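So the structure is just underneath, and the comments pick up after that.
What follows is calculated from the coordinates using simple rules that are stated; it is not laboratory data. Model, not experiment: these values are computed from the prediction. A quick note on method: Cβ atoms are made from the backbone with ideal geometry, for glycine too, and the neighbour counts reach across all protein chains shown.
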Amino acid sequence: MPRLEVITLSVNSVSSLEPVSWCRQLSELYLRGNCIPSLAELRHLQGLPHLRVLWLAENPCCGPDPHRYRMTVLRNLPRLQRLDNQAVTEEELSRALLEGEEVMAPSREGTGNGQTELSYTLSTMSATAETHGDPLSYSEEEASNVQGQLGLKPPARDRAPSFSQREAVSGRKNRSNVLAAILLLLQDLDAEGLEAVHQAVLGQLQALHRRDVQEDMD
């Protein structure tokens, strides 16, 4: 039933969101009190362009940390307007880019019964030797693409950079990641939203200019 717009399956022992991925017209999904095991299942909802309302509370995937759960859902589904019967705010969407976790689908692995299942992982925010503690989960390739769009040069890499150099490079990389996130969000805005962003940018530029003038005077 690909034309379904509203699905209500609360308290039905649902354990996978994969079948829902075919409902391209879906705008509201109610799955409270089911058996969704992991937030990795959000991957199946990312291709639903009209999804605005999601109720996922009381599932195992919510975990013990309500804030982390909400930030992760909003990072991966930034078009949501309402999550678990609570309105989504612009401030939450901004925080989710920094505090939420990105759902990833790295590979397909064979199972014992000869079928193939998609293996999911969550990219964590904690610093590790492999990730080098990058506070945002955008890849270097994505950051480079954004740098190209904005006319920015990628940071130079030394074989043995000093602490201050590493700190500077990290700062530039984080800035590029933030710009990448902003560009992705801009794609979902209509003319009215873009005009609001335009006015906010002008206001910020004027504030920075006034600050620079004040510093020169001091």
Looking at segment 6-99 from every direction and averaging, what is the projected area of its Cα convex hull in nm²? 5.2
Using the scaling law 2.2 N^0.38 Å as the reference, what is the normalised Cα Rg of segment 176-216? 1.47
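Taking only Cα atoms of segment 56-105, what ratio of Rg to Rh do you get with Rh as the Kirkwood inverse-distance radius?
Expressed as Rg/Rh, it is 0.93.
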What is the packing order of peptides 5-11, 41-47, 209-215, taking the mean over residues of other C-beta atoms within 10 Å and listing the highest first? 41-47, 5-11, 209-215
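Could you work out how much longer the chain between residue 30 and residue 207 gets when fully extended? Use 0.36 nm per residue separation minus the Cα distance between them, nm to one decimal.
Working: separation 177, 0.36 × 177 = 63.72 nm, distance 4.39 nm.
Between residue 30 and residue 207, full extension yields an extra 59.3 nm.
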Both in Å, the radius of gyration and Dmax of the C-alpha trace of segment 1-53 are 10.3, 26
